[in-house]
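Below is one structure, written out as structure tokens, with a few remarks after it.
Nothing in this text is a laboratory measurement; each read-out follows from the coordinates by a stated rule. What you are looking at is a predicted structure, and each value in this text was computed from that prediction instead of being measured. Cβ sites come from the backbone with ideal geometry, for glycine too, and all protein chains shown count toward neighbours.
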Amino acid sequence: MQDIIGRAAPLLIKDVCGTITSAEKAELVQLLGQELVDSLREEFTDVDRLQVALQAYAELERSSEARLSLHLSRIFPAAAHATILQEPVRRPRKMFRLLYAMAAASAILVVFLVIRFMNGSPSEAPVVKADSVRFKNDVAPGIEGAVLTLADGRQVSLDSAANGVVATQSGAEAVLKDGQLAYNLKGAGSGAVQYNTMTTPKGRQFSLLLPDGTRVWLNAASSIRYPTRFSGVERKVEVTGEAFFSVAQNVRSPFRVVVNNEAEVEVLGTSFNVMAYADERMVNTTLLEGAVRIRKTGGQEADSRNSVLLRPGQQAQVPMGLQLQSGIKVIPAPEGVTAWVDGELSFRRSSIQDVMRVLSRWYDIDVVYEPGKLNYSFMARISNKENLSEVLKMLELTGYVEFSIDGRTVTVRPK
């Protein structure tokens, strides 16, 4: 596998930079397969993204000019890498930054390729024995499951409930079928509107089909409060944590999502992701298709800083708390936002703290950090079906950190 990676990395760099020949492209596809080549090309689409690897390369190579020269000589002519070595890092020229970043990216590509190979079929994945010293207790990945709280306060565990009707309220049946909860409406209903709350503890995800046909995927440590039937001029739900919505279109009844009492999303028939965990700095709403309007709760509707209309491929970032001086920021949607819906843990330019917050929700763990330098960025897409120790070993391939597991506590050590 290492030989394949060593041959593929410089070819992929050439492919990204548009300098690859037809013969080299054919060799690259033969080494990795078309699907993996396409996926990797998406991860490194421009020089800015390649430059993310620069700090990692310097750390992995331990600032050895001899090793850097050898590494570059495999990709670029001698004159090019000689110029690079002489250029001061504090005042980089454009060409220096381009070539140095391209070379640096190969180190990350090696890590990325290793991770992707390890996530292949069982026949492709290398067998890694558990470390009995550092990983005293492994932790299994999360599963499908949730707790349904009914209007009268009764709770139903959906982890092990059998398919069928799990509750009936005011003519609405809550029906569980193959890992999804849906509602069957019987008649016109009577009495006050009944509200249910679905909650996913840490280590759980679940899918919900609302009475109007809107489908919701609920990530770990999240909740959604909703009526058992929608009536009136709007459809309104409340969300904490993270959820992905595929909203059933109804122009006569707008769909609204109140997010953590920090923001409100008005939907016009669309697919979008909301992430609003209490331990994050922002409420992030990412639009895939359709249109949504984001309003910061407590902000002035007329103030453009506190109300924005999103286009597909954009993300709105709403600062947590009542910081009205900080308006809504709109950025291009980061890649991998909805990877969790497809069973993947996605990290892109993520700090170790960002990574461990995600892992703590999915694996229901506590995290302890030992003193030391931990200001590195990580990029990876890993199956969320792996045991925790396997995920940590993959992250250790970067050479930045080392982990140990004791019970449900993970210790992070800088290397």
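If you average the C-alpha positions of the stretch 143-167 and of the stretch 341-415 separately, how far apart do those two centres end up, in angstrom?
The distance from the Cα centre of the stretch 143-167 to that of the stretch 341-415 comes to 31 Å.
At 7 Å along Cα-to-Cβ for each site, give me the label-to-label distance between S157 and V258 in nm.
Using points 7 Å along Cα→Cβ, the separation is 3.1 nm.
Take the cross-link list K202/K373; K329/K415; K373/K393 and give me the ones stretching past 25 Å between alpha-carbons. Spell out each step's value before the answer.
On the way: K202/K373 28 Å; K329/K415 35 Å; K373/K393 19 Å.
Too far apart for the 25 Å limit: K202/K373; K329/K415.
Please state the relative contact order of the stretch 167-269 as a whole percent: Cα pairs under 8 Å, 6+ residues apart? It would help to have the intermediate numbers written out before the result.
On the way: 228 pairs, mean separation 20.0, N = 103.
Taking the mean separation of contacting Cα pairs over the length of the stretch 167-269, I get 19 percent.
Sum up the charges of everything whose Cβ sits under 11 Å from the Cβ of G313, counting Lys and Arg as +1 and Asp and Glu as -1, but leave G313 out. Mind showing how you got there, number by number?
On the way: positive: R311; negative: E289, E335.
Charge balance near G313 sits at -1.
If you add up the charges near V233, with Lys and Arg at +1 and Asp and Glu at -1, over every other residue whose beta carbon is less than 12 angstrom from its beta carbon, what do you get?
Values: positive: R235, K236, R252, R256; negative: E234.
Once positives and negatives cancel, what remains is +3.
With Cβ to Cβ distances under 12 Å as the rule, what net charge do the other residues near M356 carry (K, R +1; D, E -1)?
Values: positive: R357, R361; negative: D279, D354, D366.
Residues near M356 contribute -1 overall.
Quick one, can you get me the convex hull of the C-alpha atoms of the stretch 143-215 expressed as volume per residue in Å³? Mind showing how you got there, number by number?
Values: hull volume 6.2 nm³, N = 73.
About 84 Å³ per residue, rounded to a whole number.
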